[in-house]
Every structure is written in C-alpha cells, then in structure tokens.
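*Asks:* One structure coming up, written as structure tokens, with questions to follow.
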Amino acid sequence: MKELYNLDFETDAGIASRAAIGVIVLASDSTLEFEFRQICDLPGIGLFHSRIYNDNKITPVTLKAMKAGITQACDVIVPGCPLDVVAYGCTSASIVMGEDQVFEQVRKSRPQAKYTTPVTAAFAAFKALGVKNIGILTPYRTDVNVKVKAYFEKAGFCVPVFGSFNEENDPTVARISTDSIKTAVLEVGGHPRVEAVFVSCTALRVVDIVAEVEAELGKPVTSSNHAMAWHCLRLANVQDRLPQLGRLFSLD
C-alpha cells in the first residue's frame with residue numbers, strides 16, 4: 001500500500017466568501033431553516049444554524065425561559081469561525097425579553113458580529129419601506145399579543161389592525177396553511193389605514209406567497225423570516241435585489 005502524507009493544498013474563502021450568517025433556531029421550529037434557505041441560496045453566502053430548547057407552548061413565561069440558553073446556542077455555531085451576523089430566531093421572545101437582552105447574550109459569544117432578531121429586522125424593513133401604520137398578524141394567544149402590540153407602539157408604529165390565529169402550540173402553528181395565512185393577511189391589510197402587513201412568528205410560512213399576496217393586496221408584506229433574512233443579508237453588506245421575494249427585496 002502506498003501512503004501519501006502531507007500532500008500540498010491551498011485554501012480559499014470557503015462557502016462563506018461573501019458572508020457568514022449564524023441563526024439560532026427554536027427547537028420546535030420547522031419553518032425558519034426552510035425559508036432562510038429559499039432566500040439565502042446565493043453564491044458565497046454561508047448559512048449556519050444551531051438550536052435552542054423551547055417549550056412547545058408559547059407563553060410569556062416559556063419565552064423568557066429561553067434567555068439562559070442563547071449564549072450556549074451561539075457558541076456552537078461553527079466554533080472558531082467568524083460570523084458576520086447572528087440572528088436570534090424568535091419574534092415573541094425577542095419582544096418579551098427585549099432586543100437588548102437578546103443581544104447581550106449573543107455578544108458574550110460573538111462580540112464582533114452584527115445582530116438581529118425578527119422584530120429588529122421588521123423595524124428596519126418598515127423604515128426601508130417608508131411605512132408607519134402596520135397591520136399585524138400573529139398566531140399567538142392574547143397575553144403574548146398584548147405585548148407584541150405594545151412593543152410596536154412603543155417603537156413609534158401605529159397598529160390600525162391586529163389579527164391572530166390564537167394558537168399557542170408551536171408545531172400546530174407551523175402547519176397553518178399558506179391559504180389561511182394569505183386570507184388573513186388580505187383581511188388585516190385591507191383596512192385603509194394599513195400601509196404594510198407584518199406576519200409575526202418564524203413558524204408561519206410566508207416566503208412562498210409574499211409576492212402573490214402583495215400583488216393582490218397592493219401593499220408591502222413581510223414576515224419574521226422574510227424580514228430577518230433580508231436584514232441579515234443587508235447587515236452583511238449583501239445588497240442583491242431579489243424582486244421575486246416582494247417589495248422589500250426590490251429596494252436598492
């Protein structure tokens with residue numbers, strides 16, 4: 001047997017030659033990774049995930065309980081490799097804990113990265129789109145919905161219409177059909193004061209229908225995954241325009 005050791009090799013920039021994006025995904029979430037792959041399937045974009053334990057039942061108490069696991073979840077995203085952006089993939093937890101609390105935990109692991117959450121990304125998206133009056137659609141139960149509405153209003157947005165499926169079980173939320181989501185978005189967005197619609201929750205599937213719904217509604221539509229993937233790319237200085245993904249991805 002011929003043995004060849006210490007063979008010559010060269011290195012290149014790897015799969016993340018343009019940007020390395022880390023995403024912390026809820027253990028119960030079966031949608032975020034699928035939608036992020038749809039959006040971020042671009043040359044030179046490395047997308048790396050880890051999972052954080054969460055209770056399937058979404059309540060203010062279970063959402064706050066995730067704070068203790070954020071740093072560890074971030075630690076195991078390609079250890080030793082620099083990340084341009086870290087995204088924490090839970091809208092309601094980011095609201096209940098507060099974005100600053102989320103970023104504090106991420107910073108312990110990845111101090112050099114830029115950070116986002118679904119609500120951080122949504123606010124950036126509204127600014128980019130030039131809208132202030134937001135129709136919100138969620139799957140959450142009432143005590144979570146109250147916190148969501150208050151958080152948006154505290155940030156300076158008006159919420160003329162708030163709609164919810166009132167479903168607290170995360171695996172069930174992930175199976176809400178895109179037809180049901182489309183119908184609800186059109187109902188929420190149909191109010192004359194609503195300038196744009198935000199679909200809150202990384203478990204709800206919107207990417208496949210966003211352009212179709214926008215065309216029918218005549219107003220911008222975004223969601224937790226849709227906005228957060230856009231924000232991750234822009235924070236990493238990836239400026240590709242992807243008009244098939246709706247108005248937000250058509251902006252310069």
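*Asks:* Place a +1 charge on the Cβ of each Lys and Arg in the chain and a -1 charge on the Cβ of each Asp and Glu, then give the dipole magnitude about the Cα centre in debye, rounded to the nearest 20.
*Replies:* Details: 25 positive and 28 negative charges, 147 e Å.
Using only the charged Cβ atoms, the result is roughly 700 debye.
*Asks:* Shifting gears a bit: Probe of 1.4 angstrom, ligands and nucleic acids ignored: what's the accessible area per residue over the chain, in square angstrom?
*Replies:* 46 Å²
*Asks:* Amide H neighbours of Arg51 under 5 Å, counting only residues 5+ apart in sequence or on other chains, H built in-plane at 1.01 Å?
*Replies:* Excluding prolines and chain starts, which carry no amide H, the hits are Val25.
*Asks:* Per-residue counts of other Cβ atoms within 10 Å, averaged by peptide: what ranking do you get for 63-70, 36-43, highest first?
*Replies:* 63-70, 36-43
*Asks:* Additional query: Quick one: which of 209-218, 22-31 comes out on top by average Cβ neighbours within 10 Å, and what's the full order, highest first? Let's see the in-between values first.
*Replies:* On the way: 209-218: 16.6, 22-31: 22.7.
Sorting 209-218, 22-31 by mean packing, highest first, produces 22-31, 209-218.
*Asks:* How far apart, in nanometres, would the label points at Val61 and Gln38 be if each is projected 7 angstrom from Cα along the Cα-to-Cβ direction?
*Replies:* Output for this residue pair reads 3.5 nm.
*Asks:* I need to check one value: relative contact order of segment 46-177, counting alpha carbon pairs closer than 8 Å and at least 6 residues apart, in percent.
*Replies:* About 26 percent, as a whole number.
*Asks:* Over segment 112-252, one equal point on each Cα, no solvent: what is log10 I(q)/I(0) by the Debye formula at q = 0.11, 0.13, 0.19, 0.21 Å⁻¹?
*Replies:* Log10 I(q)/I(0), no solvent term: -0.36, -0.51, -1.13, -1.38.
*Asks:* Sticking with this structure for a sec: In debye, nearest 20: dipole of segment 135-190 around its Cα centre with unit charges on the Cβ of K, R (+) and D, E (-)?
*Replies:* 140 debye
*Asks:* How many angstrom lie between the Cα centre of segment 135-150 and the Cα centre of segment 65-90?
*Replies:* 26 Å
*Asks:* I've got another one for you. What 222 nm value per residue comes from the helices of the chain, counting each DSSP H run with n ≥ 4 as -39,500 (n - 2.57) and dividing by all residues, nearest 500 deg cm²/dmol?
*Replies:* -10500 deg cm²/dmol
*Asks:* What residues qualify as long-range amide H neighbours of Gly163, i.e. H under 5 Å apart, gap of 5 or more or another chain, H built at 1.01 Å from N?
*Replies:* Long-range HN contacts for Gly163: Ile136, Leu137, Thr138.
*Asks:* Still on this structure: If you roll a 1.4 angstrom probe over the protein chains with everything in place, what fraction of the accessible area of the chain belongs to carbon and sulfur, to the nearest %?
*Replies:* That fraction is 51 percent.
*Asks:* Using amide H atoms built 1.01 Å from N in the peptide plane, name the residues 5+ places from Arg247, or on other chains, whose amide H lies under 5 Å from its own.
*Replies:* HN-HN under 5 Å from Arg247: Val221.
*Asks:* Give the percent of DSSP beta bridges with both residues in the chain that are antiparallel, rounded to the nearest 5.
*Replies:* On the way: 1 of 28 bridges.
Antiparallel bridges: around 5 percent, rounded to the nearest 5.
*Asks:* Taking the Cα-to-Cβ direction at Glu10 and at Val146 and moving 7 Å from each Cα, how far apart do the two end points lie in nm?
*Replies:* That separation, rounded to one decimal, is 6.3 nm.
*Asks:* Could you order peptides 1-12, 49-60, 228-239 by the average number of other Cβ atoms within 10 Å of their residues, highest first? Write down the numbers at each step before the final one.
*Replies:* Details: 1-12: 4.3, 49-60: 17.6, 228-239: 21.8.
For the peptides 1-12, 49-60, 228-239, the packing ranking is 228-239, 49-60, 1-12.
*Asks:* Given labels modelled 7 Å from the Cα in the Cβ direction, how far is it in nm from Gln244 to Phe48?
*Replies:* Result: 2.8 nm between the two label points.
*Asks:* Can you pull a Stokes-Einstein diffusion coefficient for segment 208-248 at 10 °C (1.306 mPa s), Rh from Kirkwood over Cα pairs, as a whole number of µm²/s?
*Replies:* 149 µm²/s
The values are calculated or read from the model by the stated rules, or taken from the named source; none is laboratory data. Because the structure is a prediction, the values reported are computed rather than measured. Neighbour counts run over all protein chains shown; Cβ positions are idealised from the backbone, glycine included. Accessible surface is based on the protein model in full, side chains and every heavy atom, while ligands, DNA and RNA are left aside. Shrake-Rupley method; radii C 1.70, N 1.55, O 1.52, S 1.80 Å.
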